[in-house]
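Below is one structure; the comments refer to it alone.
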Amino acid sequence: MKYQVQIINVDRMDKYEGTVLFGINGNQYKAFFYGEDFQPGQIADVELSHLEYPLVWDAIFRENKDKELKLEASQESDWAYYGYGRIMKINPVTAYFGDFELELGDWTNDPNVIGEYMYWKIDRLEISRLT
């Protein structure tokens, strides 16, 4: 999915990769990037993806009892988040987390989960520029 974000800060680890702090809808997130040339202050059209932490079915559907739509920063790394969202579609499973949607893979084909609130653990939020 395409999003327009404001790049707030860029922290390079080396010539190719680093962390970018970006803003969307008044909220800020940190994400990992590779092979990009983000500059602070610029507005960029980007795509967001992630590496997930494997969860069991019960945890996915039990841990968002308050029906929240948000990403909450984890202390595990700058790019890790706890996701509280709502499933929008399947094949692939796509969930809305308040400021954006993420594709979560093909872990179910059950159409009954569409509209359900869910929990997801993101080990690494990733950002890449759209050309």
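Residue check: is Leu71 out of contact with any His (no Cβ under 7 Å at 6 or more places or on another chain), modelled with pLDDT under 95 and assigned to a strand (DSSP E or B)?
Working: out of contact with any His (no Cβ under 7 Å at 6 or more places or on another chain): yes; modelled with pLDDT under 95: no; assigned to a strand (DSSP E or B): yes.
So Leu71 does not fit the description; no.
Restricting attention to the range 65-84, which residues are touching an Asp or Glu at 6+ places or on another chain (Cβ under 9 Å) and either under 21 Å from Gly105 (Cβ atoms) or surrounded by fewer than 14 Cβ atoms within 10 Å (Cβ to Cβ) (or both)? Spell out the reasoning first.
In the first step, residues of the range 65-84 are kept if they are touching an Asp or Glu at 6+ places or on another chain (Cβ under 9 Å); the result is 69-71, 74, 76-84.
Scanning the range 65-84 gives Leu69, Lys70, Leu71, Ser74, Glu76, Ser77, Trp79, Ala80, Tyr81, Tyr82, Gly83, Tyr84.
Return the residues of the range 75-96 that are assigned to a loop (DSSP other than H, G, I, E, B), in contact (Cβ under 8 Å) with a residue 12 or more places away in the chain and under 18 Å from Leu21 (Cα atoms); say none if nothing qualifies.
Selection gives Glu76, Ser77, Asp78, Trp79, Ala80.
Among Gly98, Gly18, Gly115, Gly83, which is the only one that is among the small types (Gly, Ala, Ser), at pLDDT 95 or above and over 29 Å from Ile8 (Cα atoms)?
Details: Gly98 fails: over 29 Å from Ile8 (Cα atoms); Gly18 fails: over 29 Å from Ile8 (Cα atoms); Gly83 fails: over 29 Å from Ile8 (Cα atoms).
Matching residue, one of Gly98, Gly18, Gly115, Gly83: Gly115.
Could you grab the pairs with beta carbons closer than 6 Å, sequence gap of 6+ or different chains, first residue in the range 112-131 and of a type in the set (Gly, Ala, Ser), second one assigned to a strand (DSSP E or B)?
Pairs that qualify, where the first residue is of a type in the set (Gly, Ala, Ser) and the partner is assigned to a strand (DSSP E or B), are Ser128/Glu47.
Could you grab the pairs with beta carbons closer than 7 Å, sequence gap of 6+ or different chains, first residue in the range 58-69 and in contact (Cβ under 8 Å) with a residue 40 or more places away in the chain, second one acidic (Asp, Glu)?
Phe61/Glu116
For the range 37-48, enumerate the residues that are in a loop (DSSP other than H, G, I, E, B) and surrounded by fewer than 16 Cβ atoms within 10 Å (Cβ to Cβ).
Residues of the range 37-48 in a loop (DSSP other than H, G, I, E, B): 37-42.
Correct list: Asp37, Gln39, Pro40, Gly41, Gln42.
Only one residue in Leu102, Leu51 is in contact (Cβ under 8 Å) with a residue 24 or more places away in the chain, part of a strand (DSSP E or B) and either touching a Gly at 6+ places or on another chain (Cβ under 7 Å) or exposed (fewer than 14 other Cβ atoms within 10 Å of the Cβ) (or both). Which one? Quick ask: steps written out before the conclusion?
Details: Leu102 fails: either touching a Gly at 6+ places or on another chain (Cβ under 7 Å) or exposed (fewer than 14 other Cβ atoms within 10 Å of the Cβ) (or both).
Residue meeting the stated conditions: Leu51.
Whether any residue in the range 1-9 is under 18 Å from Asp123 (Cα atoms), out of contact with any His (no Cβ under 7 Å at 6 or more places or on another chain), in a strand (DSSP E or B) and hydroxyl-bearing (Ser, Thr, Tyr) is what I want to check. Talk me through it step by step, then tell me what you get.
Pass one, the range 1-9, residues under 18 Å from Asp123 (Cα atoms): none.
Looking through the range 1-9, none of the residues is under 18 Å from Asp123 (Cα atoms), out of contact with any His (no Cβ under 7 Å at 6 or more places or on another chain), in a strand (DSSP E or B) and hydroxyl-bearing (Ser, Thr, Tyr).
All but one of (1) in a strand (DSSP E or B); (2) among the charged types (D, E, K, R); (3) more than 20 Å from Leu130 (Cβ to Cβ); (4) in contact with an Asp or Glu (Cβ under 8 Å, 6 or more places away or on another chain) hold for Lys30, so report the exception by its number.
Result: Lys30 fails condition (3) only.
The values are calculated or read from the model by the stated rules, or taken from the named source; none is laboratory data. Small disclaimer: the values here were computed from a predicted structure and weren't measured. When we count neighbours, we look across all protein chains shown, and the Cβ atoms used for this are built from the backbone with ideal geometry, even at glycine.
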